[in-house]
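One structure below.
Only the coordinates and a few stated rules stand behind these numbers; no lab work does. All of these numbers come straight from a predicted model, not from anything done at the bench. Cβ sites come from the backbone with ideal geometry, for glycine too, and all protein chains shown count toward neighbours.
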Amino acid sequence: MTHILEAVDYLNSVTSDFKPEVGIILGTGLGGFVDNIDVVYSVDYCNIPNMPVSTVEGHAGRLIFGTVGSRRVVAMQGRFHYYEGYTMKQVTFPVRVLAKLGINYLFVSNASGGINTSFCVGDLMVITDHINLLPNPLIGPNNNELGPRFPDMHDCYSKAVRDKATAIANRLNIKLQYGVYVGTTGPTFETQAEYRYFKAIGGDAVGMSTVPETIVARHMGVPVFGMSVITNCGLSDQVGDHEDVQMQGRKAGERMSKLFVELINNLD
Ligand code: HPA
């Protein structure tokens, strides 16, 4: 807790108590979303007390404080993955900090592999639920000031926000898929047998992030909205053309950004 509060105090001091309403984790594909933020403060992770230090050189992460339309947001540019060697506490530390800064919603995005055979490369999937195949970030002594020992995971991905997203997507003519995200440790992609296994247990897409951050946000009572860009289809025989995959990813990112902007401005 003291580590979290040190980071929160530092951020409040350098942002003059900016008080963001919405936190956004910019995953693969949503990098371009920053162009929609009127940036007020940008804080490098390396200056924030107790923040994990990035293992990848030249991959400096930062927190971006600013506005999207009428809403104050804080965006994480750069996230920490378990496969990089961070502990689950380190992976989820920034979410603890954002929650203590007072966000009312957490938006998470990622790139994932399609399991559902009706999905196409470049589709956007609203995460309706998840299956956690990573170590649980809440293992260990529970701090009751942060949240309950046994947090409920019903409505893990807020139904109210998902319904708003659907209405906005219809208005903007953006096609959405819906499904269950399977969170794995990575870093290997799935074997064909693993894709079949994930399908059998009810998964629609698989990736290596998002679930830890969502669990910690829910532990602290923050509603979550999650979205995946489907970058490959695991059960398809077709091996994607690399350039095509990248282009689909970019286009999907643009659609996701548009949707996020509208959604953020229509939150209660
Ligand atoms: N598996 C896991 N993570 C991924 C994939 C995948 O197929 N595609 C993008 N991220």
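Remarks
- Neighbour counts of C-beta atoms inside 10 Å place Asp237, Asp123 in the sequence Asp237, Asp123, starting with the fewest.
- Among the listed pairs Lys89/Lys258; Lys100/Lys251; Lys89/Lys251; Lys19/Lys164; Lys19/Lys175, those with a Cα-Cα distance over 28 Å are Lys89/Lys258; Lys100/Lys251; Lys89/Lys251; Lys19/Lys175.
- Among residues other than Tyr105 with Cβ under 10 Å from its Cβ, the summed charge is -1 (Lys and Arg +1, Asp and Glu -1).
- Proxy reagent accessibility, fewest Cβ within 10 Å first, across Thr117, Thr2, Thr28: Thr2, Thr117, Thr28
- Among Ile230, Phe65, Asn144 - extreme Cα towards positive end, dipole of the chain, charges at beta-carbon: Asn144
- Rounded to the nearest 20 debye, the dipole magnitude of the chain is 460 debye, with +1 charges on Lys and Arg beta carbons, -1 on Asp and Glu beta carbons, and the Cα centre as origin.
- Furthest towards positive pole of dipole, Tyr197, Val43, Tyr105, structure part the chain, Cβ charges: Tyr105
- Using the average count of surrounding beta-carbon atoms within 10 Å as a protection proxy, the listed peptides 146-156, 80-90 rank, highest first, as 80-90, 146-156.
- Cα centroid of region 151-225 to Cα centroid of region 37-112, whole Å: 19 Å
- Karplus-derived HN-Hα couplings along region 12-28 (A = 6.51, B = -1.76, C = 1.60, θ = phi - 60°), whole Hz, x at Gly and Pro: 4, 6, 7, 10, 6, 6, 4, 6, x, 9, 10, x, 10, 9, 7, x, 3
- Cα-only Debye scattering, region 2-264: base-10 log of I(q)/I(0) at q = 0.15, 0.17 Å⁻¹: -1.11, -1.44
- Prolate/oblate/rounded label for region 47-173 (Cα gyration tensor, a/c 1.5): rounded
- Normalised contact order of region 2-264, rounded percent, pairs of Cα under 8 Å and 6 or more residues apart: 27 percent
- Cβ-based net charge around Pro212, under 12 Å, with every Lys or Arg adding one and every Asp or Glu removing one: +3
- Nitroxide proxy distance, nm - points 7 Å out along Cα→Cβ at Met247 and Thr128: 3.2 nm
- Amide hydrogen neighbours beyond the local backbone of Cys233, cut-off 5 Å, H modeled: Gly114
- Shape of region 132-216, Cα gyration tensor, a/c cut at 1.5: oblate
- Cα gyration tensor category, rounded, prolate or oblate, for region 109-268 with a/c compared to 1.5: oblate
- Amide H contacts under 5 Å for Ser42: Phe65, restricted to partners 5 or more places along the chain or on a different chain, H placed in the peptide plane at 1.01 Å from N.
- Sequentially through region 153-160, phi angles give Karplus couplings (6.51, -1.76, 1.60; θ = phi - 60°) of 10, 5, 6, 4, 10, 3, 4, 4 Hz, Gly and Pro residues having no value and appearing as x.
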